[in-house]
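Peer 1: Starting off with a structure, shown below.
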C-alpha cells in the first residue's frame, strides 16, 4: 500500500515495516554521493571504458557538466523528497521533545500531539486510499473526543456507482419561508457568529424578471409578499466547475457522483474559487466557526459538515453526509412547499429525470458553459 | 509523382480530421450528453427501503407511473367514520346530537362549487366519492383531488409536484395530496420566514453608510 502512495506520510514508528530507504544522507535522489552508484544495474560484460563512463554517470550524472553553485542549489528534488527531508529533520526534533516531556505530559496530551502531527502531514483527500481516508476520519473523531469529551460519527463514503446528483427548483412553488436555510445551517454546522448561509432565497418583484441586483435576499416580513416571487440559489455543482479550475492547490474537485467538494484541510484560503464562481456559491470562514456544543450535528462526513477552521472555503455539498446514504439533502426535506426536487440523473425512472424531460427547465447563466446540475422550472 | 503528393496530402488531412473528431477524455460536453451516455447501463445499488421502513405505504399505479404513497386511514384519528355516522348525513341533520367537526370551516373553492358531499360520500361516510358519485377509498384520496386539479395531478405523478417521503433512491415513495394540503383549506398561509440574518443586515447597512 505504502509503495503506491502519491505523497509522503509521516511514520512515527507506529508501523514497524520500515522499507529500506533509497535515500541516503547525501540529500540527493540521483547520485551525488558514492552510495548510489553501486546500485545501478551494470551489464556483466562491459569494456573498462564503458564501465568507467557508466560509473561516472551513476555517481555524478548531470553534475559533471555543472559545478560550484549549480551543483549545490540546482538539485533535482520533487515535492515528495523535499517533504521527506523536511519532516525527517522535524521528526528528530519532535522525537526529542516528546521523549523529554514524557514524564510530565499525560497520555491524552501525547496522543493529541500525535494526532495533530499526523493530521498536519496527511495528504490530499482526493488521493487517499480508503484505508487512509478511514485513518484520517478516525483521527478526527478521536481528536474531537479528546478535545471536547464528546463523540461524533464521521464517515468517508465514496461516490456510489451509477449516481449523478441533480437538483431542480420550482420557482412557482417557493414561498420564501426560508425553512431550507435554517435546516441547512443546522445540518451543516455553519458558523453561527457570522451567520453563514449556503442558500440564498431571493425575493424578486413580479414582472421584472430575474434581477439579482434589485432582489432582496434578506427580507423579514410575512411571506409570500404581495407582488413578489422567490427563488433560491446555492452551489449548483457545475459539471464544468470554474472554481475547481482555478484552485491552485487542488483542494476542491468534482467527485464521480457530480458533487463539487472541498478538502478543508488542504484549502489554503486564497479565495480564487470564490472569485471564479459566477453564482455566489462559495463562502469563506473569516473567523473560527462557532457552533454551540449542543447544536453540533454529529453525523458528519469528511467532505461535508465536519467542523471547519478559520481561513478555509466551504459551501453546499448537497449534504454529502446525507445524500450518499440515500437521504435527501436537508433543504429538500425541510421545504414545506415541495419546491425542491433532488435525485439521480442517471436513473431513468427518477423524478428529477421526469422534471428535466417534461417541464420547461432552465439554468442560470447557461451561456457560460459551466453546466450547473441545478435546474429551475415552473408549474 | 504529383498524384503521390496529392494522395499523401489527402491522407494526412484525413488523419488530422479523424484525430480532431475523436473526443478527448474529460472534454467539455453538455450535461445532457453525459446523462445519456452514463445512464445507458444504469443499475442502481442504493435503495430507500431502510429509510421507508417505519412508514406504512401502499403501492399505486397511475398511468405509466407506479410508486408508493403513505397509507391514510390508519392516520385518521376517528376512523372508521361510521362509528358515529351510523346513518346517512341527510337523516342525521337536525338531530340533537353532540356537534362534531365544529372546527372545520370549508375554505376550498366557493360554496357554489363545493360543499362537504362534493368529496365525502354522505350515504357511506367511510368513503369519499367522485363528482359522479363513485366511491373512493380514503387511502386513494388523490383521485378526488385529481378531478379538478388535473395539471397538478400530472406533475405529481411524474414527481414535479409534491415531496418524497424519504430518500432519493428507488423505490419512489411520494407524499400524497393530503399529507401537505389540508383538504378543507388547501392553501398555504402567509407567515414569517423561519430565519433572519442580522449579520447580513448589519453589513448591508454599513455598506450604505460608506
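Peer 1: Specify whether the C-alpha gyration tensor of region A:165-377 places it in the rounded, prolate or oblate class, a ≥ b ≥ c being the square roots of the eigenvalues: rounded for a/c under 1.5, otherwise prolate if a/b is larger than b/c and oblate if not.
Peer 2: Because its axes are fairly even, with a/c under 1.5, region A:165-377 counts as rounded.
Peer 1: Can you sort B:165, A:185 so the residue with the fewest Cβ neighbours within 10 Å comes first?
Peer 2: B:165, A:185
Peer 1: Related question: Would you order A:125, B:196, B:9 from fewest to most other beta-carbon atoms within 10 Å of each residue's own beta-carbon?
Peer 2: Sorted ascending by nearby Cβ count, the order is B:9, B:196, A:125.
Peer 1: Sticking with this structure for a sec: At what distance in nm do the modelled label points of residue B:116 and residue A:129 sit from each other, each positioned 7 Å from its Cα along Cα→Cβ?
Peer 2: That separation, rounded to one decimal, is 7.2 nm.
Peer 1: Moving to a separate point now. Exposure proxy check: B:142, A:210, B:153 ranked by fewest other beta carbons within 10 Å?
Peer 2: Ascending number of Cβ neighbours within 10 Å: A:210, B:153, B:142.
Peer 1: Could you sort B:50-58, B:201-209, B:114-122 so that the peptide with the highest average Cβ count within 10 Å comes first and the rest follow in order?
Peer 2: B:114-122, B:50-58, B:201-209
Peer 1: Mind checking the mean number of beta-carbon atoms from other chains within 10 Å of the Cβ atoms in A:340-348?
Peer 2: Mean inter-chain Cβ contacts per residue within 10 Å come to 6.
Peer 1: Based on the mean of other beta carbon atoms within 10 Å per residue, what is the order of A:317-326, B:67-76, B:81-90, most packed first?
Peer 2: Ranked by mean Cβ neighbours within 10 Å, highest first: A:317-326, B:67-76, B:81-90.
Peer 1: Then there is this: Would you mind giving the mean number of other chain beta-carbons within 10 Å of the Cβ of each residue in B:165-177, as a whole number?
Peer 2: If you average over the peptide's residues, the count of other-chain Cβ atoms is 4.
Peer 1: What does the structure give for A:371-377 when I average, per residue, the other chain Cβ atoms found within 10 Å of the residue Cβ?
Peer 2: 2
Quick note: the coordinates plus some simple rules give every number you see, no bench work behind them. Fair warning: this is a prediction, and the values are worked out from it, not measured in the lab. Neighbour counts run over all protein chains shown; Cβ positions are idealised from the backbone, glycine included.
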